[in-house]
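Written out below as structure tokens is the structure these notes cover.
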Amino acid sequence: LADNTFNVRKATANAIGSLGAKAATSEILIKLAKLLDSGDENMRQAAASACGKLGPKAAVTPEIITPLITLLVDKNEQVRKTAANAIGNLGAVAATPEILAQLAKLLAEDKHWKSYDCPSIATINACG
């Protein structure tokens, strides 16, 4: 995850996501968190996707959740959608008041979010 080559970092993030919750070590989570703040949208998207596959440990790690909240308003639509999916995939443990408030705000402000097929958005929609 710290390799100098972009493609290596991206492939590593994807591989970690494929491993699922067993890959959610503290060291891995901290390194993924750094990639969530990357200047490259493809890297942010790959890191967010990987985080969403790492289970409850990732969901209760502030270094992961805080950047995912930030990515919900990323300038890139695919990054925003991937972050929303990641949060939804992390499940109820990720449903902090801050995340729920941000998702509700997105739904209220942007009509496109309401039609997006995502677990976290579907849950907010169901609540009204």
Which pairs break 23 Å Cα to Cα here: LYS10/LYS53; LYS34/LYS57; LYS22/LYS81; LYS10/LYS34; LYS31/LYS105?
LYS22/LYS81; LYS31/LYS105
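Eigenvalues of the Cα gyration tensor times 5, then square-rooted: what semi-axes does that give for the stretch 1-110, in whole angstrom, largest first?
21, 16, 10
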0 to 90° range, to nearest 10: angle between helix 6-19 axis and the chain longest Cα axis
70 degrees
Within the chain, helix-based [θ] at 222 nm, where runs of 4 or more DSSP H residues each add -39,500 (n - 2.57), nearest 500:
-20500 deg cm²/dmol
Quote the Stokes-Einstein diffusion coefficient, in whole µm² s⁻¹, for the stretch 55-108, based on the Kirkwood radius over alpha carbon pairs, a temperature of 10 °C and a viscosity of 1.306 mPa s.
145 µm²/s
Could you pull the Rg and Dmax for the stretch 1-59, using just the Cα atoms, both in Å?
10.1, 30
Protection-proxy order for peptides 77-84, 13-20, 92-99, 62-69, each taking the mean of Cβ atoms within 10 Å per residue, highest first:
77-84, 62-69, 13-20, 92-99
Over the chain, with the other protein chains present, what is the accessible area per residue in square angstrom, probe 1.4 angstrom?
52 Å²
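The values are calculated or read from the model by the stated rules, or taken from the named source; none is laboratory data. This one's a predicted model, so the numbers in the text were calculated from it and none came from an experiment. Note: ideal-geometry Cβ built from the backbone for every residue, glycine included; neighbour counts use all protein chains shown. What goes into the accessible areas is simple: the full protein's heavy atoms, side chains included, and nothing from ligands, DNA or RNA. Shrake-Rupley method; radii C 1.70, N 1.55, O 1.52, S 1.80 Å.
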